[in-house]
Amino acid sequence: TGADPSVVQKMVTTFRKLCSLADFGEINTDKKTIVKESGGEGEKSRYSIPIAMNIQIVIPADATANQYDKIFSSIKKNFGNNSK
């Protein structure tokens, strides 16, 4: 890569951490339909809302493994499937 060995090691650590958080199970292709009822009268409207998130994280070259863990734990907590 031409990058400093410490940077390459951090890239590998990041990749491995992301892999540990990922779900490599079967891809769910089912689309969910939301039925909205308006005041008891009228037609039911059906629609689905696709949502895509692109999270970009800029981490300094001197970040520690502990800092990486905190960042990815926070992402999982706040953006994971079980977030509230």
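Some values worked out for this structure:
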item: Residue match in segment 49-64 (condition: touching a strand residue (DSSP E or B) at 6+ places or on another chain (Cβ under 8 Å) and at pLDDT below 80); result: yes
item: Cβ pairs under 8 Å, 6+ apart, first in segment 56-84 and over 18 Å from MET11 (Cβ atoms), second surrounded by 10 or more Cβ atoms within 10 Å (Cβ to Cβ) and at pLDDT below 90; result: LYS76/LEU21; SER83/LYS77
item: Cross-chain or 6+ apart pairs with Cβ under 6 Å, segment 15-31 first and over 17 Å from ILE55 (Cα atoms), then of a type in the set (Ser, Thr, Tyr); result: LYS31/SER48
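The values are calculated or read from the model by the stated rules, or taken from the named source; none is laboratory data. Note that this is a predicted model, so its numbers are computed, not measured. We place every Cβ from the backbone using ideal geometry, glycine too, and count neighbours over all the protein chains shown.
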